[in-house]
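These notes concern the structure reproduced below.
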Amino acid sequence: MQRIFLLFLACLFMFIVACSKTDSPKMSVVAKEKSPAPNVTVVSLANGSTLNLSDLKGKVVLLNFWATWCPPCREEIPSMMKLNSFMAGKPFQMVAISIDEGGKPTIDSFFKETGFLLPTYLDVSGASAKTYGVTGVPESFLIDKQGVLVKKIIGGFAWDSPEAVSFIEGLMK
C-alpha cells in the first residue's frame with residue numbers, strides 16, 4: 001500500500017511540474033471583427049513580389065480566400081472583377097489569396113480557360129488562412145483604412161451589388 005501511495009505522489013509531482021511550465025509557446029493570433037487585422041505576407045501571382053497586408057493601411061482592403069475548384073468562388077469572381085474595376089483609382093486594394101495546391105500553374109491555367117482575372121496572391125505555407133481562421137472557401141474579410149477588420153463574410157457574395165459598393169465606399173471616408 002505504501003508503494004502505491006509513493007507511486008501516486010511521484011506521478012502527482014511530475015504532473016504538477018509538467019503543467020506549471022512557463023516557457024509554453026505563444027498562442028497564435030486569429031483575426032476577429034472590430035480588431036486590428038493581423039498582418040500576413042503573401043506573394044503576387046503576377047510578378048512574384050511580396051505583399052505585407054500591414055503595408056496597405058490607408059486603403060480599404062478586400063481580403064478573399066478562394067480556390068479554382070470551388071463552385072461558389074467561380075460564381076463570385078465576376079462580381080469581384082467588376083468591383084475591382086469600379087474601385088480603380090480609389091483607396092482600395094483587393095487581395096485574392098488562392099489556396100490551390102497546384103499553385104501558379106493551376107491558377108494561370110484557370111484564368112486562361114475562364115477569362116477571369118483577379119489580383120491573386122499565393123501563400124504556399126497556408127499561414128494566412130490559418131491566421132484568419134478560414135474554414136472553407138470562399139471567405140472574405142473587409143479591412144478599413146485604419147487596418148481594422150470590419151466584416152467577415154463566409155460564402156459567395158455579390159461584390160458588385162449597390163449595397164456592397166456603398167458599404168465599401170463608406171469605409172473609404
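The values are calculated or read from the model by the stated rules, or taken from the named source; none is laboratory data. All values reported here derive from a predicted model rather than from experimental measurement. We place every Cβ from the backbone using ideal geometry, glycine too, and count neighbours over all the protein chains shown.
Take SER128 and decide whether it is more than 18 Å from the chain's Cα centre (by Cα) and at pLDDT 95 or above. No: the conditions fail for SER128. What number of residues within segment 91-112 satisfy the criterion of being over 20 Å from ASP144 (Cα atoms) and either out of contact with any strand residue (DSSP E or B) (no Cβ under 8 Å at 6 or more places or on another chain) or not in a loop (DSSP other than H, G, I, E, B) (or both)? Qualifying residue count, segment 91-112: 14.
Checked against the criteria, ALA37 counts as modelled with pLDDT of 95 or more, under 10 Å from the mean Cα position of the chain (by Cα) and among the aliphatic types (A, V, I, L, M).
Using the structure shown, decide if ILE99 is buried (at least 16 other Cβ atoms within 10 Å of the Cβ) and more than 15 Å from the chain's Cα centre (by Cα). It is false that ILE99 is buried (at least 16 other Cβ atoms within 10 Å of the Cβ) and more than 15 Å from the chain's Cα centre (by Cα). Residues of segment 113-155 that are part of a helix (DSSP H, G or I), of a type in the set (Val, Ile, Thr) and farther than 20 Å from THR41 by Cβ: THR114 alone. The listed residues are ALA10, ALA31, ALA88, and the only one of them that is loosely packed, with under 15 Cβ neighbours inside 10 Å and either within 26 Å of GLY147 (Cβ to Cβ) or modelled with pLDDT of 80 or more (or both) turns out to be ALA88.
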